[in-house]
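J.: One structure is given below, represented as structure tokens, and several questions about it will come after.
The values are calculated or read from the model by the stated rules, or taken from the named source; none is laboratory data. The structure presented is a predicted model; accordingly, all values stated were derived computationally and were not measured. Heads up: the accessible areas ignore ligands, DNA and RNA and are worked out on the full protein's heavy atoms, side chains in. Shrake-Rupley method; radii C 1.70, N 1.55, O 1.52, S 1.80 Å.
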Amino acid sequence: PMKLQPRIIDACIVGGVTHFYPSEYGSDISHPLALKQRYFRDKHITRRHLEKVAKEHHTFGYTYIMNGGFAEFAAHPAFGFVKEERKLEFWGETNRVQPFAGVREWVSTHSSLCYLMNYIADIGTQRR
């Protein structure tokens with residue numbers, strides 16, 4: 001679960017991990033309305049913890065993967081959808097393009113990128 005991420009990050013530091021990818025893929029959650037949503041609380045706690053740890057341990061880094069919202073989850077109250085009223089409260093600027101990704105397409109792309117990153121890392125290891 002997301003609420004365990006800070007403890008996992010601390011264990012990574014002790015274990016000598018130098019880079020961390022939190023398990024919170026999605027869209028930018030810095031919008032003021034997202035800051036108030038319970039759904040995003042643990043994600044914000046994780047991000048603040050990563051920022052703090054990275055300042056304390058200069059060899060430690062992290063990467064957020066911002067693929068946009070998952071289209072399959074868009075109709076959820078945490079994202080402004082009110083089922084009973086059949087209404088969606090749009091967050092942000094109405095003229096701004098909002099990125100969405102399908103879960104299936106994202107998993108396929110992410111898997112390919114992981115394979116490519118591992119392949120490049122293996123090449124680097126072989127050259128040493």
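J.: Express the carbon and sulfur contribution to the solvent-accessible surface of the stretch 1-45 as a percent, rounded to the nearest whole number, probe 1.4 angstrom.
T.: Reported share for carbon and sulfur atoms: 59 percent.
J.: Search the structure for amide H atoms under 5 Å from the amide H of GLY61, placed 1.01 Å from N in the peptide plane, and list their residues when 5 or more places away or on another chain.
T.: Result for GLY61 returns HIS19, PHE20.
J.: Between GLU51 and ILE8, what is 0.36 nm times their sequence separation minus the Cα-Cα distance? Round to one decimal in nm.
T.: Gain on stretching GLU51 to ILE8: 14.0 nm.
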